[in-house]
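Student: First the structure, then my questions, so here it is.
Where a number appears in this text, it was derived from the coordinates with a stated rule and is not lab data. Since the model is a prediction, treat every value here as computed from it, not as a measurement. Note that each Cβ is placed from the backbone with ideal geometry, even for glycine, and that neighbours are counted across all protein chains shown.
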Amino acid sequence: MIGNVFAALAIASLVWGIISAFRIVYYLSTRGVRINYIFMRVMILKYVAQYHQMTAKQNGRPGPWYYSYVTAMLLALVFAVAGLWLR
């Protein structure tokens, strides 16, 4: 029962991370970065790093979607491990 709650939280965090990733890709594409949509799943960490670098250069610190993506992925990992451990 409690494992299912953690699984649901992990899925919700994963969806949050996917939304953040799409926002990062949208930001980069509007700034002239060429996005490979076919291999986006493989290259998302590259795009996150580019977003971090670009926004840090402009504002002096990373943009909000960077923290949103990293937090969501870490929470998804923690919830998934906790759900498997409590199963």
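Student: Tell me which residues, restricted to the stretch 27-71, are surrounded by fewer than 15 Cβ atoms within 10 Å (Cβ to Cβ), aliphatic (A, V, I, L, M) and within 22 Å of ALA12 (Cα to Cα).
Tutor: Matches in the stretch 27-71: MET40, VAL42, LEU45.
Student: Please indicate, with yes or no, whether at least one residue in the stretch 64-72 is closer than 30 Å to ARG87 by Cβ, among the hydrophobic types (A, V, I, L, M, F, W, C) and touching a residue at least 40 places away in the same chain (Cβ under 8 Å).
Tutor: Checked the stretch 64-72: at least one residue is closer than 30 Å to ARG87 by Cβ, among the hydrophobic types (A, V, I, L, M, F, W, C) and touching a residue at least 40 places away in the same chain (Cβ under 8 Å).
Student: Is there a residue being at positive phi and among the small types (Gly, Ala, Ser) anywhere in the stretch 9-24?
Tutor: So far as the stretch 9-24 goes, no, none of its residues is at positive phi and among the small types (Gly, Ala, Ser).
Student: Residues ARG61, ARG87, ARG23, ARG34: which one is touching a residue at least 40 places away in the same chain (Cβ under 8 Å) and part of a loop (DSSP other than H, G, I, E, B)?
Tutor: ARG87 is the lone residue from the list that is touching a residue at least 40 places away in the same chain (Cβ under 8 Å) and part of a loop (DSSP other than H, G, I, E, B).
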